[in-house]
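The structure follows.
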Amino acid sequence: MKLHIQNGRLIDPANGIDGQKDIFVANGKVLAVNDPGSAPADFTPDRVIDASGLVVAPGFVDLSARLREPGYEYKATLESEMKAAMHGGVTSLVCPPDTDPVLDEPGLVEMLKYRAKSLYQAHVYPLGALTIGLKGESLTEMAELTESGCIGFSQAAEPVRNTEMLMRAMQYAKTYDYCVWLRPQDAWLGRSGIAHAGPVAARLGLSGIPSISETIALYMLFELVRQTSVRLHLCRLSTAKGIALVKEAKNEGLPITCDVGAHHIHLTENDIDFFDSNARMLPPFRSQADRDAISRGLSDGTIDAICSDHTPVDDDEKMLPFGEATPGATGLELLLPLALKWAEEQAAATPDSLSKALAKITCDPARILQLPCGQLSPDFMADICIFDPAAKWIVDPSGFASQGKHTPFEGKTLSGRVIMTIVEGRIAYEKSLR
């Protein structure tokens, strides 16, 4: 299908574009990005899309979205979560390996890739398990998993307790230039914790997860990176000290990237008050100082990307006392509005805050993945999101496309609505255009 998107404000951070441009799409790719009224020769569109008053951006790239297949279909299905991705403007997503069975066999990865491709929606990039069964005892066949479609290797939320095993995994990954994705967490400190170890947890009588569980892990990981030179992506940073350590490591030149969950940009330990199980997350929401450090880390580039950390949880596991509820929240359909909320908060100090926020969910995560997405350059895949940045709405989980209906933002007013999602030049989702 040939598309002509006109009259929109194009924001393409990778190419430094923020202004009114026309986009022309043919054969699933971006044919041209021109000034208004300037069309490629002999181009006759099948459809003209009027994006007046709307923002046109590259499709969003989400570095962590649990699709719950295989094994957890009672929490969510591939169909429901891919639909949620389209509603959220997410055209490329990374899924962790903590499915059931774990993504440690090529056949499982191939099945997931095939199922996802057959839906003709978001591009799915699985992370393979770093160790068999995520048990930390023996390495997976990384080469075979890569051939089957894995873009990196992770332990999801499971730490590797055996440091020698972790170093061997990194050495192997470095040999073939694979990227290792790890969430920095000590294997023992706070392993039975429920909330951030601070005054709120103490007042509520909840066991704590101390900040040093993150920083101690970071010290160890940085030493292993110095030893192995492996590319390391750090998932879900949550503490001010941890962010400071990452900044130092980057200044040293270590091959490190990192992300933060969209929820953690805005919420703190105070948001778990009254034992709201929707706010039970992993890592937990931390202090106001930690949240402020996350915002600064995004602004100065220490934190490379914002992810949805999409984790659908069913009612039976979420509607429980806080300490018994399963951690996690839905996020695919909130990635854009939460990024826009951060941009709005930064607007006074940073005039181009909207472009910076979009970079964190488009070209910056694409750079981490080393994939040709997250930008609208000619000959790139025509993965596009058209959204209304001014549209205000009250978060009502019952209206989510995701099967996961739990979020700590329920009842909050957010800005930013996806109007259309285009994947490889095909309109995959469309809300009524104004």
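Taking a 1.4 Å probe, which of 161, 291 shows the most accessible area, and what order do the others take after it? Could the numbers behind the result be given before it?
Working: 161 125, 291 70 Å².
Putting 161, 291 in descending order of accessible area: 161, 291.
Once you list every other residue whose beta carbon is under 14 Å from the beta carbon of residue 336, what net charge do they have if Lys and Arg are +1 and Asp and Glu are -1? Could the numbers behind the result be given before it?
Numbers: positive: 341, 360, 392, 417, 431; negative: 62, 333, 344, 388.
Local charge sum for residue 336: +1.
Let me know the charge dipole size of the chain about its Cα centre in debye, to the nearest 20, where only the beta-carbon of Lys, Arg (+1) and Asp, Glu (-1) is charged. Show your work: numbers first, answer last.
Working: 41 positive and 56 negative charges, 103 e Å.
It works out to roughly 500 debye.
Quick one: net charge of residue 14's neighbours, Cβ under 11 Å, K/R +1, D/E -1?
It works out to a net charge of -1.
Could you tell me the accessible area of residue 418 in Å² (1.4 Å probe, neighbours in place), rounded to the nearest ten?
10 Å²
For 393, 342, give the ranking by accessible area with the largest first, probe 1.4 Å. Please list the in-between numbers first.
Numbers: 393 30, 342 5 Å².
Largest accessible area first, the list is 393, 342.
What number, rounded to the nearest 500 deg cm²/dmol, is the helix-based mean residue ellipticity at 222 nm of the chain, given -39500 (n - 2.57) per DSSP H run of at least four residues and division by all its residues? Numbers along the way, then the final one.
On the way: 12 runs with 122 residues, N = 434.
After summing the helix terms and dividing by the residues of the chain, the value is -8500 deg cm²/dmol.
While we're on this one: Charges at C-beta only: +1 for Lys and Arg, -1 for Asp and Glu. How large is the resulting dipole of the range 371-424 about its Cα centre, in Debye rounded to 20?
Computed about the Cα centre, the dipole is about 320 debye.
Along the charge dipole of the chain, which of 420, 48, 302 sits closest to the positive end, that is, farthest toward it, with unit charges on the beta carbon of Lys, Arg, Asp and Glu (+1, +1, -1, -1)?
Working it through, the farthest residue towards the positive pole turns out to be 302.
Taking the Cα centre of each part, how many Å lie between the range 72-138 and the range 148-178?
If you average the Cα positions of each part, the centres end up 18 Å apart.
In addition: Quick query: amide H of residue 2 versus all other amide H atoms, modeled in the peptide plane; which residues come in under 5 Å with a sequence gap of 5 or more or a different chain?
Placed amide hydrogens put 46, 47 under 5 Å from residue 2.
How about residue 117: which lysines have a C-alpha closer than 30 Å to its C-alpha, ignoring those fewer than 8 places off in the same chain?
The reachable lysines, counting only those whose Cα sits under 30 Å from residue 117, are 2, 29, 75, 83, 135, 174, 360, 405, 431.
Using protein chains only and a probe of 1.4 angstrom, how many square angstrom of residue 165 are accessible, to the nearest 10?
20 Å²
Another question, if that's okay. Give me, ordered by chain and number, the residues 5 or more places off residue 123 or on other chains with an amide H under 5 Å from its own placed amide H.
92, 93
Say the dipole of the chain comes from +1 at the beta carbon of Lys and Arg and -1 at that of Asp and Glu; which of 215, 78, 93 then lies farthest toward its positive end?
Sorting the options by dipole projection puts first 215.
Which order do 341, 412 take by accessible area at a 1.4 Å probe, largest first?
On the way: 341 70, 412 105 Å².
Of 341, 412, the descending order of accessible area is 412, 341.
Ok, one more. Taking all protein chains as present, what is the carbon and sulfur share of the accessible area of the chain, in % to the nearest whole number, probe 1.4 Å? Before the final figure, lay out each step's value.
On the way: 8280 of 16880 Å².
Of all accessible area on the chain, carbon and sulfur atoms account for 49 percent.
Return the lysines within reach of residue 241: Cα separation strictly under 18 angstrom, same-chain partners fewer than 8 residues apart disregarded; answer none if there are no such residues.
Within the straight-line cut-off, residue 241 pairs with 250.
List the lysines whose Cα sits under 16 Å from the Cα of residue 412, skipping any in the same chain fewer than 8 residues away.
Answer for residue 412, where 16 Å is the Cα cut-off: 341, 392, listed by chain and number.
The values are calculated or read from the model by the stated rules, or taken from the named source; none is laboratory data. On a predicted model such as this, the values are computed, not experimentally measured, just so you know. With ideal geometry, Cβ positions are generated from the backbone for all residues, glycine too; neighbour counts draw on all protein chains shown. For accessibility, only protein heavy atoms count, side chains too; no ligands or nucleic acids. Shrake-Rupley method; radii C 1.70, N 1.55, O 1.52, S 1.80 Å.
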